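The values are calculated or read from the model by the stated rules, or taken from the named source; none is laboratory data. This one's a predicted model, so the numbers in the text were calculated from it and none came from an experiment. As a convention, Cβ positions derive from the backbone with ideal geometry for all residues, glycine included, and neighbour counts pool all protein chains shown.
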């Protein structure tokens, strides 16, 4: 069944757009002033469904010994330096898992114009609160100490994760409200109430998840986020808890659209959020449309 709820909210003012217009002068292109962080070509559904986006991607490792506050990991980033700086995303795997379990997300997201760090946790049994702190530590590493820090806009950061890593992304968004987006995947957390959350949050759950069932995790999380916040809930038809552990096109499409819209303030992606996805792969979709 396809359901869409439509509470409205006012979107924060794009004061950066006004600043760009003042610097650029009256001859500036209106679209550039309205969306100063647009990266890449105008989106199409087929382009978002493709295995890679428009950017070639390079990769570098962060050793556990050089990491502070997390267990190291892998960084994926657009190879070009011609398009200015990019937003950045830290992603955590789930309980007992390693980054390799969801590593397809790294190059997939980076190819759409993001710097991505897929982390290893300090221990594979770390709980969501710890994973949230490690996601923030990884973002700090990216922006302050990594070899790609000059490619990153430190004001445009996001978090994501699977299972307890997804619960950790909620923790990180709660702890650091300056984040631009969060994307929990089949999130697990004992805390069911996120009324303090203000970060735009896309939750993706699996209809047949028997570990973090949507009825006791994803849906209560979504419902507890206030209507004044940007939020969406995508439920994948008949998907298990482990849907992020192999390439999943509906997840990729919606995650990229969400991150482009809220990390890059790129309104070209709004139609993928409002009214949102449909089709046989989707069992439920809800959102805070319209986006202000």
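Checked against the criterion of being touching a residue at least 24 places away in the same chain (Cβ under 8 Å) and either part of a loop (DSSP other than H, G, I, E, B) or out of contact with any strand residue (DSSP E or B) (no Cβ under 8 Å at 6 or more places or on another chain) (or both), the candidates 202, 197, 234, 259 yield just one match: 197.
Every condition in (1) buried (at least 24 other Cβ atoms within 10 Å of the Cβ); (2) under 19 Å from residue 115 (Cα atoms) is met by residue 206 except one, and the failing one is (2). Of the numbered criteria (1) under 21 Å from residue 158 (Cα atoms); (2) loosely packed, with under 14 Cβ neighbours inside 10 Å; (3) modelled with pLDDT under 95, the one residue 289 fails is (2). Scanning the range 85-116 for residues that are under 20 Å from the mean Cα position of the chain (by Cα) and over 18 Å from residue 158 (Cα atoms) yields 95, 97, 98, 100, 101.
Here residue 135 qualifies as buried (at least 24 other Cβ atoms within 10 Å of the Cβ), under 16 Å from the mean Cα position of the chain (by Cα) and more than 24 Å from residue 48 (Cβ to Cβ).
Here residue 77 fulfils each of the conditions (1) in contact with a helix residue (DSSP H, G or I) (Cβ under 7 Å, 6 or more places away or on another chain); (2) without any contact (Cβ under 8 Å) to a residue 12 or more places away in the chain apart from (2). Can residue 275 be described as in contact (Cβ under 8 Å) with a residue 12 or more places away in the chain, in contact with a strand residue (DSSP E or B) (Cβ under 9 Å, 6 or more places away or on another chain) and part of a helix (DSSP H, G or I)? Considered against the rule, which asks whether it is in contact (Cβ under 8 Å) with a residue 12 or more places away in the chain, in contact with a strand residue (DSSP E or B) (Cβ under 9 Å, 6 or more places away or on another chain) and part of a helix (DSSP H, G or I), residue 275 comes out as no.
The set of residues in the range 278-292 that are more than 14 Å from residue 205 (Cα to Cα) and in contact with a helix residue (DSSP H, G or I) (Cβ under 6 Å, 6 or more places away or on another chain) contains only 291. Within the range 126-135, at least one residue is farther than 25 Å from residue 80 by Cα and part of a loop (DSSP other than H, G, I, E, B). Within the option set 69, 40, being surrounded by fewer than 20 Cβ atoms within 10 Å (Cβ to Cβ), under 19 Å from the mean Cα position of the chain (by Cα), in contact (Cβ under 8 Å) with a residue 60 or more places away in the chain and assigned to a loop (DSSP other than H, G, I, E, B) holds for one residue only, 40.
Would you check which residues across the range 147-177 are in a loop (DSSP other than H, G, I, E, B) and either farther than 20 Å from residue 230 by Cβ or without any contact (Cβ under 8 Å) to a residue 12 or more places away in the chain (or both) and list them?
Going through the range 147-177, the residues in a loop (DSSP other than H, G, I, E, B) turn out to be 147-148, 163, 176-177.
The answer is 147, 148, 163.
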